[in-house]
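The values are calculated or read from the model by the stated rules, or taken from the named source; none is laboratory data. Everything numeric here is computed off the predicted structure, so don't read it as measured data. Here the Cβ positions follow ideal geometry from the backbone for every residue, glycine too, while neighbour counts run over all protein chains shown.
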Amino acid sequence: MSEAEKLQIAVFERHRPVALRILARRLGSWADAEDALQDAVLRVMELPAEKVVENPGAYLVKAALNAATDRQRSNQSRDAREREWTDSRGPDQPPPADQALMARQELGEVLALLRELSPSVRNAFLLHRAEGLPQAEVAERLGLSRSTVEKHVAKAMRHLLDRLSGDGMEAGAPPLRHQGEEPKNP
């Protein structure tokens, strides 16, 4: 781990409680606040090493507030899509068979990618993202620190994003495609 990464983690740990309180007030939920803060930390950690941040604590809080706003917009859009979908199909109609099959295939691909991770990383990710448990509860269940759970979730997300986008794939392995995406010619 580089000195810059160690410094980022130290800044994060120092400003985490304040950022969480601000986010919990904005989002109305500690679990949503933890998720938004995790998103913000990932964004901050992706900054180029040469980028100088004058006030890292304020920068983290602002990044977290931006992540919270993005999360709220995403939730509103998702809710609107779900309402529209339910209204168009009717509440008791199952999805068309081709969509159900594609969803099962995509789930299988994601599960295969998760099996590439260590059990600790995979379990932390599934408990938090699939079962919706707050990171604090995941940490308690797995006997890990909250920081370790955050790192495990971030590692799993990075792994999935890299593999699903085609980055970081083994030589010769085709990238996984998203629904409706055409195959790319090499």
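Answer yes or no as to whether L144 is at pLDDT 90 or above and within 24 Å of A36 (Cβ to Cβ). Criteria met by L144. Taking the condition surrounded by 10 or more Cβ atoms within 10 Å (Cβ to Cβ), in a helix (DSSP H, G or I), assigned by TED's automatic domain parsing to the domain that holds R158 and at pLDDT below 80, does A4 pass? Criteria not met by A4. Taken together, the residues in the stretch 10-36 that are touching a residue at least 60 places away in the same chain (Cβ under 8 Å) and under 19 Å from N55 (Cβ atoms) amount to 1. The conditions of being part of a helix (DSSP H, G or I), at pLDDT 85 or above, out of contact with any helix residue (DSSP H, G or I) (no Cβ under 6 Å at 6 or more places or on another chain) and surrounded by fewer than 17 Cβ atoms within 10 Å (Cβ to Cβ) are not met by L107.
All conditions in (1) over 15 Å from the mean Cα position of the chain (by Cα); (2) not in a loop (DSSP other than H, G, I, E, B) hold for L47, with the sole exception of (2). Of all the listed residues (E116, E137), the sole one being in contact (Cβ under 8 Å) with a residue 12 or more places away in the chain and more than 12 Å from the chain's Cα centre (by Cα) is E116.
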